[in-house]
1. For the range 74-99, give me each residue that is open to solvent by 50 Å² or more (accessible area, probe 1.4 Å) and either at pLDDT 85 or above or under 20 Å from Leu60 (Cβ atoms) (or both).
2. If we scan the range 148-157, do we find a residue that is under 26 Å from Tyr77 (Cα atoms), assigned to a helix (DSSP H, G or I), open to solvent by 100 Å² or more (accessible area, probe 1.4 Å) and modelled with pLDDT under 85?
3. Identify, please: which residue in the range 121-133 is assigned to a helix (DSSP H, G or I) and open to solvent by 70 Å² or more (accessible area, probe 1.4 Å) and is, among those, farthest from Asp181 (Cα to Cα)?
4. For the range 122-130, does any single residue satisfy the condition of being at pLDDT 80 or above, closer than 15 Å to Phe50 by Cβ and not polar (S, T, N, Q)?
5. Does the range 33-52 contain any residue that is touching a residue at least 40 places away in the same chain (Cβ under 8 Å), assigned to a loop (DSSP other than H, G, I, E, B) and open to solvent by less than 60 Å² (accessible area, probe 1.4 Å)?
6. Every residue in the range 137-186 that is among the charged types (D, E, K, R) and under 29 Å from Pro119 (Cβ atoms), please.
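The values are calculated or read from the model by the stated rules, or taken from the named source; none is laboratory data. Remember, it's a predicted structure, so these values are computed and weren't measured experimentally. When we count neighbours, we look across all protein chains shown, and the Cβ atoms used for this are built from the backbone with ideal geometry, even at glycine. Side chains are part of the model used for accessible areas, which takes the heavy atoms of the whole protein and leaves out ligands, DNA and RNA. Shrake-Rupley method; radii C 1.70, N 1.55, O 1.52, S 1.80 Å.
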Amino acid sequence: GSARPSCWESPVRSIFSGFGHSSGNSPSRFSLCNSIYTPSRAVDFFLDPFDRLLTGQGALFRKGEPLWLVGHSLGGYLAARYAMRINRRQQSATSSREDTTTSPNLEKLILASPVGFQPLSPEDRIPSSSLPTALRLVDALWNANFTPQSIVRIMGSSRGRQAAKRALRGRIPHLNSQCSDLLAEY
């Protein structure tokens, strides 16, 4: 097989599907009101490919290698569900004395603003009026569902890719160019 770039040796990897604008797996017909998926099948739609990526042929992790799973928003919900799946699998294997080394060694689960958790109460929030102008602008754009990914999309393929590479080099300077190129392409 092909050699992995050196950034694959890092314990941090981003794997869950993104914002729904890619051409990944999709159901054979689309319907907002009459889904062909039950709730559990919809979760499995995301978790099964992720599980194959971690445990199948050519898995991203070696057996026993620690995994830190980080999820944001819907990814937080999916990360928690995947952690529950690993736990059930390990409990089942332990009770039947099966080998559990095919399951990822989930060392940490970090939920960053996961879906389903209550937002801050109004008295715990900083009022927008007390924020600096630049942060008020960012807050207004974010609340209008305008994200950094939206800016990259507006810039177009070539300019957006170059902007992503520059941002990655500035934010994560220790990445070599091959790794930052991989992330920018994602």
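1. Keep residues of the range 74-99 that are open to solvent by 50 Å² or more (accessible area, probe 1.4 Å), which gives 74, 77, 81, 84, 87-92, 94-99.
Across the range 74-99, the qualifying residues are Tyr77, Arg81, Met84, Asn87, Arg88, Arg89, Gln90, Asp99.
2. No: zero hits.
3. Filtering the range 121-133 down to residues assigned to a helix (DSSP H, G or I) leaves 122-124, 128-130, 133.
Subset that is open to solvent by 70 Å² or more (accessible area, probe 1.4 Å): 122-124, 129-130, 133.
Working: Pro122: 41, Glu123: 43, Asp124: 40, Ser129: 39, Ser130: 38, Thr133: 33 Å.
Looking at residues that are assigned to a helix (DSSP H, G or I) and open to solvent by 70 Å² or more (accessible area, probe 1.4 Å), I get Glu123.
4. no
5. Within the range 33-52 (the criterion being touching a residue at least 40 places away in the same chain (Cβ under 8 Å), assigned to a loop (DSSP other than H, G, I, E, B) and open to solvent by less than 60 Å² (accessible area, probe 1.4 Å)), the answer is no, since none of the residues qualifies.
6. Correct list: Asp139, Arg153, Arg171.
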